[in-house]
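Heads up: the structure comes next, in structure tokens.
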Amino acid sequence: MIKISERLLTIMEENLSQELSYKWSSINSRMNTERKIKIANTGLVSSGKSSLFNVLIDSSERFATGAARVTKSQDIESLTDKIDIVDTPGIDVNEEDTQVALNSILESDIIIMIHNIKLGMLNDAEYKWLQSIAGRMSSNREKKARLMFVCSWIDERQSDPSYPDTIKETRRMVKEAVGCDIDFYEISVKRYLTGVEKGKDKMIEMSRIPEIKEAIIKKADAYSAVSDYLIAEQLYSLCKESKTELDIRKKQIRETKQNVVDRIKQKYDSLKNEWKSVFEMFRNQYNIVKSKRDEYNNI
């Protein structure tokens, strides 16, 4: 795998837009083959991100949960000896949290967007966020390899007659935002915890938590097998995108330089003309004086 030098990253940071600089930084992080696969969650506050990650590692409190802003920075924990999971801030609190979440996501290999289905379909912020993440990926193959979508809190909505239609429309919106079908799951952390507490295997199975945990581990293994190809594909796309931006920047610099040259030349020409005018005036005066002197000498 190609390595990106720190010098190149510095050059990109100094000459490219912030968005492209983040892309270079994130792909550089993912090109580190020595590290574990990183899986990040994302979604609104109270969507169930931290709760899901807690049950994946059989903990009730490793990742802080709450109805308000709790996670304020990325929080990393091991899922297996080959996988790290990253809990990120909610995307709907403030610009600072959203940027932290974006940076964490861009540096991660697999992204799980979690949506609270008891609130209905995706809202505008979720749709645009998912669209933005998918838009940073170079192909449908990459999107399928790196993205998952999870509807949480199904226990709060599943008995509602409108639930099937809500799920169907949510699936449609996800496909529209991403540009292709991606892994889609419906889960209930509450049902899983109740099943564990009461020793009810059927309830645990219905929660679909064991299923999604197995799916996440398989997805990480599958991603690991194709990561070199996907990163090379993304790197090629990023180089093209960067070249386009650098070409535009070079053109702008040339135009700015020419404008400066034109302004200096215009000012020089103006001063030159002024001095020529002054010189002509003095020469005329000199000629008049010389003529007077000659007349005087001839008297």
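The values are calculated or read from the model by the stated rules, or taken from the named source; none is laboratory data. It should be emphasised that the depicted structure is a prediction, and the values quoted were computed from it without experimental measurement. With ideal geometry, Cβ positions are generated from the backbone for all residues, glycine too; neighbour counts draw on all protein chains shown. Surface areas here come from the heavy atoms of the whole protein model, side chains and all, with no ligands, DNA or RNA. Shrake-Rupley method; radii C 1.70, N 1.55, O 1.52, S 1.80 Å.
Looking at Leu193, Leu238, Leu147, which is the one that is under 18 Å from Gly48 (Cβ atoms) and at pLDDT below 95?
Going through Leu193, Leu238, Leu147 in turn, the sole match is Leu193.
Going by what's in this entry, would Ile299 be described as hydrophobic (A, V, I, L, M, F, W, C), free of Cβ contacts under 8 Å to residues at least 60 places away in the same chain and surrounded by 10 or more Cβ atoms within 10 Å (Cβ to Cβ)?
Criteria not met by Ile299.
For region 175-214, which residues satisfy the criterion of being without any contact (Cβ under 8 Å) to a residue 60 or more places away in the chain and under 23 Å from Glu142 (Cβ atoms)?
Scanning region 175-214 gives Lys175, Glu176, Ala177, Val178, Gly179, Cys180, Asp181, Ile182, Asp183, Phe184, Tyr185, Glu214.
Does region 196-211 contain any residue that is within 24 Å of the chain's Cα centre (by Cα) and open to solvent by 60 Å² or more (accessible area, probe 1.4 Å)?
Within region 196-211, none of the residues are within 24 Å of the chain's Cα centre (by Cα) and open to solvent by 60 Å² or more (accessible area, probe 1.4 Å).
Scan Lys251, Lys243 and give me the residue that is under 30 Å from Arg30 (Cα atoms) and among the charged types (D, E, K, R).
The match here is Lys243.
Among residues belonging to region 151-172 that are outside any loop (DSSP other than H, G, I, E, B) and in contact with a Gly (Cβ under 8 Å, 6 or more places away or on another chain), point out the one that is nearest to Val55 (Cα to Cα).
The residue in question is Ser152.
With (1) hydroxyl-bearing (Ser, Thr, Tyr); (2) at pLDDT below 90; (3) out of contact with any strand residue (DSSP E or B) (no Cβ under 6 Å at 6 or more places or on another chain) as the list, and Thr88 as the residue in question, which single condition is left unmet?
Going through the list (1) hydroxyl-bearing (Ser, Thr, Tyr); (2) at pLDDT below 90; (3) out of contact with any strand residue (DSSP E or B) (no Cβ under 6 Å at 6 or more places or on another chain), Thr88 breaks only (3).
Of everything in region 169-185 that's exposed (fewer than 15 other Cβ atoms within 10 Å of the Cβ) and charged (D, E, K, R), which residue is farthest from Val150 (Cα to Cα)?
Glu176
Quick one: is Ser138 out of contact with any Asp or Glu (no Cβ under 6 Å at 6 or more places or on another chain) and either polar (S, T, N, Q) or surrounded by fewer than 21 Cβ atoms within 10 Å (Cβ to Cβ) (or both)?
Here the answer is no, as Ser138 does not meet what is asked.
Sort out which residues of region 222-254 are free of Cβ contacts under 8 Å to residues at least 60 places away in the same chain and either of a type in the set (Val, Ile, Thr) or in contact with a Cys (Cβ under 6 Å, 6 or more places away or on another chain) (or both), and write them in order of number.
Selection gives Thr244, Ile248, Ile253.
If you take the residues of region 39-64 that are assigned to a strand (DSSP E or B) and polar (S, T, N, Q), which of them is nearest to Asp87 (Cα to Cα)?
Restricting to residues being assigned to a strand (DSSP E or B) and polar (S, T, N, Q), the top hit is Asn41.
Within the group Ser132, Ser188, which residue is hydroxyl-bearing (Ser, Thr, Tyr) and either at pLDDT below 95 or surrounded by fewer than 20 Cβ atoms within 10 Å (Cβ to Cβ) (or both)?
Among Ser132, Ser188, only Ser132 is hydroxyl-bearing (Ser, Thr, Tyr) and either at pLDDT below 95 or surrounded by fewer than 20 Cβ atoms within 10 Å (Cβ to Cβ) (or both).
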